[in-house]
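Values quoted throughout were computed directly from the atomic coordinates according to the rules given, and no laboratory measurement underlies them. Quick caveat: nothing in here was measured; it's all calculated off a predicted structure. Cβ sites come from the backbone with ideal geometry, for glycine too, and all protein chains shown count toward neighbours.
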2 protein chains.
Amino acid sequence: VKRRHYTSDEYVEGILKGDISILSQAVTLVESNLYEHQILAQEVIAKCLPYSGQSVRIGITGVPGAGKSTSIDVFGLHVLKQGHKLAVLAIDPSSERSKGSILGDKTRMEKLSVQNDVFIRPSPSAGSLGGVARKTRETIVLCEAAGFDTIFVETVGVGQSETAVHSMVDFFLLIQLAGTGDELQGIKRGIMEMADGIVINKADGDNIERAKLAQAQFRNALHLFPPTLSGWQPQVLTYSGYYEIGIFEVWKMIDDYIDFVKKNGYFEHKRQEQSKYWMFETINERLKEHFYRNPDIEKMLFDKEQRVLKSEESSFIAAKEVLDYYFSLLSKQK
Amino acid sequence: VKRRHYTSDEYVEGILKGDISILSQAVTLVESNLYEHQILAQEVIAKCLPYSGQSVRIGITGVPGAGKSTSIDVFGLHVLKQGHKLAVLAIDPSSERSKGSILGDKTRMEKLSVQNDVFIRPSPSAGSLGGVARKTRETIVLCEAAGFDTIFVETVGVGQSETAVHSMVDFFLLIQLAGTGDELQGIKRGIMEMADGIVINKADGDNIERAKLAQAQFRNALHLFPPTLSGWQPQVLTYSGYYEIGIFEVWKMIDDYIDFVKKNGYFEHKRQEQSKYWMFETINERLKEHFYRNPDIEKMLFDKEQRVLKSEESSFIAAKEVLDYYFSLLSKQK
């Protein structure tokens, strides 16, 4: 696809007008690893920042099979009906390997994908979790500047990416399945501790009893956790994404939470802590990029790696030599 | 305590003679965050490297309450009786916060702590997991140079530190408890997948039946995992640390494994992969150190953090400005 090359001002103008095509191309820029793209992307983000921050950001996680796509589809539709504009993003550091395990296919969100006022974007695929997460965090800024006032950030529910998502959202929703005690154990304790709400999917037909049982189990489990920093008691609800039962109640919980933390000041406090977190994350990520993207370093690393693998050199010495070389290169720069 | 200041050659000479007091001071040097100490420590490590690598390194993990201390005590005694020299190290990034949750107290290893030919060292307490793990990895080098031919690396069994330990040992032992199915679920799947052997503690008295049941459950669970890279089928054994039952069999399993992987070449292959991993880990860790330990950067970061918290500046801009300043400082260096 041949594209016009916009200036940063043109990107920003398009984004502020809510032009989805330009927003989409700006996100591609954010996701690109090319140096020129990164420079331009950072300019666009900086100019969009004053217009960002006004949305409600919701992290959605759940193990594969919990029905995340169907749920996001109906939750999203509910949000649109209330007159909101919705962006659906994702963090899945494994998506390159597994060729887009989440959100790779918009058609999985049948209802949402044909709506206006919705922007669906798969997970950035390249690089480390830190890099992928930062790109999604930056994409949130662009989406907010484009007028999207509700942001979903989906993640896979099996790894470390939950922590990254948790660090960029206001409300963290955990989707679980009705069923035996196994499901309760299947999710990591750390992920349950992050949840502001747990919702049990497929509470329909023969499954209602089991869903209620799971609800009771999760409520018991949550009581064992220390009180949340927000002062909010995480709730456990049942619903059915497929039959669209209980969607209103799930969303009411989220609205209640946002009201609650906006009143007690935690909403703002958490956002500030997240900003601090992202300052350090961005620094760490860019320190690494600066090093590993240097062509001379790349060459030397390749050689050192071979020597280390053949036991011709120790890992510590090899690391020291590459670092010494890197810092000598930097000191020679004008 | 007032100490002589040794040169790196004096440290190395003492270590190679097996002088525990000098070894201990060298480890303190490795753990220190002072710049001069780090420089000296790296010299000592580099000089010890040719004498390292000859030990068998065993990672030992298990959730709190599984009886790790008692087990290490009797496993260690078994190793000593076979004529080996044993170093017991640990990785616990939380140890500063919780004031030494593992190995903080040598008296927890009653039998081992009064023996000769054993060197027990608590987890380095300062800093990130990466930093703590690197220090332990470097301490292994010193211990091996000092003639310790068996290295235990203990970890807490609840977090990410298992991955770090796995990256520095030849055999990874998971200690579990006999009991209900809950215990099976309590440990993370990722940790189970790393285990070359699972041993179920407290298989004594009334508990034997439950231990056998847990053994069967773990065996079944292991069959669901993909085959290991080593070609070794992880084993599940029962034992009693307190009553010293089944210790010989546990250790025979480890000896069998080492024979097996030395014959099929995996032992050497894994060590090479670990060296490569440590080259990159060391680079990443030291890149961060170089940045965060710079006094000018520290000052600027403190200021930027306040501005970000007060929403006077965005996290991305703040990060960019600190990085720009850092690289400008470096380019001015001679």
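Compute the longest continuous run of chain B that contains no exposed chymotrypsin sites (Phe, Trp or Tyr not before Pro); treat a site as exposed when its DSSP state is not H, G, I, E or B and it has at most 16 other Cβ atoms within 10 Å.
It runs B:1-241.
What do you get for the angle between helix B:68-81 and the principal long axis of chain B? Use alpha-carbon atoms, 0 to 90 degrees, nearest ten.
70
Specify which residue in the list B:H84, A:L174, B:V236 is farthest towards the positive end of the charge dipole of the protein assembly as shown, using unit charges on the beta carbon of Lys, Arg (+1) and Asp, Glu (-1), about the Cα centre.
In the protein assembly as shown, that residue is B:H84.
Based on the Kirkwood radius over alpha-carbon pairs, what value in µm²/s does the Stokes-Einstein equation return for the translational diffusion coefficient of chain B at 37 °C and 0.692 mPa s?
Reported coefficient: 152 µm²/s.
Under 5 Å between amide hydrogens, which residues at least 5 positions from B:V236 or on another chain qualify, with H placed 1.01 Å from N in the peptide plane?
It is B:I198, by chain and number.
GNM, chain A, Cα, under 10 Å: largest mean-square fluctuation among A:E110, A:E313, A:E285?
A:E313
Just how large is the dipole of the stretch B:231-334 about the Cα centre, in debye to the nearest 20, putting +1 at every Lys and Arg Cβ and -1 at every Asp and Glu Cβ?
I would put it at about 420 debye.
Relative to the Cα centre, what is the charge dipole magnitude of the protein assembly as shown, using +1 at the beta carbon of each Lys and Arg, -1 at the beta carbon of each Asp and Glu, and rounding to the nearest 20 debye?
Here the size comes out at about 540 debye.
Rank B:W278, B:P227, B:V261 by how far each Cα sits towards the positive end of the charge dipole of the stretch B:220-278 (+1 on Lys, Arg Cβ; -1 on Asp, Glu Cβ) and give me just the farthest.
Checking the options against the dipole of the stretch B:220-278, the answer is B:W278.
Please work out, to two decimal places, the log10 of the ratio I(q)/I(0) at q = 0.07, 0.12 Å⁻¹ from a Debye calculation in which every Cα of the protein assembly as shown carries one identical scatterer.
-0.54, -1.40
Using a label position 7 Å from Cα in the Cα→Cβ direction, what is the ascending list of nm distances from A:D255 to the same site in the other copies?
7.1
I need the inter-copy label distances for A:D324: point set 7 Å along Cα to C-beta, values in nm with one decimal, smallest first.
Output for A:D324: 3.3 nm, nearest copy listed first.
Could you run the Karplus curve 6.51 cos²θ - 1.76 cosθ + 1.60 with θ = phi - 60° over the stretch A:202-214 and give me ³J(HN,Hα) per residue in whole Hz, x for Gly and Pro?
Going residue by residue, I get 6, 7, 8, x, 5, 8, 4, 4, 5, 5, 5, 4, 4 Hz, with x marking Gly and Pro.
Hey, can you grab everything whose amide H is under 5 Å from the amide H of B:Q176? Only 5+ residues off in sequence or another chain; H modelled, so Pro and N-termini drop out.
Residues meeting the criterion, in which the H sits 1.01 Å from N, are B:V199, B:I200, B:N201.
Rank A:S275, A:S314, A:S230 by mean-square fluctuation in a GNM of chain A with C-alpha springs under 10 angstrom and give only the top-ranked residue.
Per the Cα network of chain A with a 10 Å cutoff, A:S314 tops the list.
Restricting to DSSP loop positions (anything but H, G, I, E, B) with no more than 16 other Cβ atoms inside 10 Å of their own Cβ, which trypsin sites (Lys or Arg not before Pro) remain in the stretch B:246-300?
Hits after loop and neighbour filter: B:R293.
Say the dipole of the protein assembly as shown comes from +1 at the beta carbon of Lys and Arg and -1 at that of Asp and Glu; which of A:Q25, B:F218, B:I120 then lies farthest toward its positive end?
Positive-end residue among those listed: A:Q25.
Counting Lys and Arg as +1 and Asp and Glu as -1, each charge on the Cβ, what is the dipole of chain B about the Cα centre in debye, to the nearest 20?
Here the size comes out at about 300 debye.
Which residues' amide hydrogens lie under 5 Å from the amide hydrogen of B:V88, considering only partners 5 or more residues apart or on another chain, with H built in the peptide plane?
Hits under the 5 Å cutoff: B:F119, B:I120, B:R121, B:F152.
Over 21 Å between C-alpha atoms is what I'm after, so list which of A:K81/A:K135; A:K276/B:K288; B:K68/B:K276; A:K135/A:K276; B:K202/B:K252; B:K212/B:K270 land there.
Those over the limit are A:K81/A:K135; B:K68/B:K276; B:K212/B:K270.
What is the Cα coordinate range of the stretch B:1-50 on the first, second and third principal axes, sorted by size from largest, in whole angstrom?
The Cα atoms of the stretch B:1-50 stretch 26, 26, 15 Å along their principal axes.
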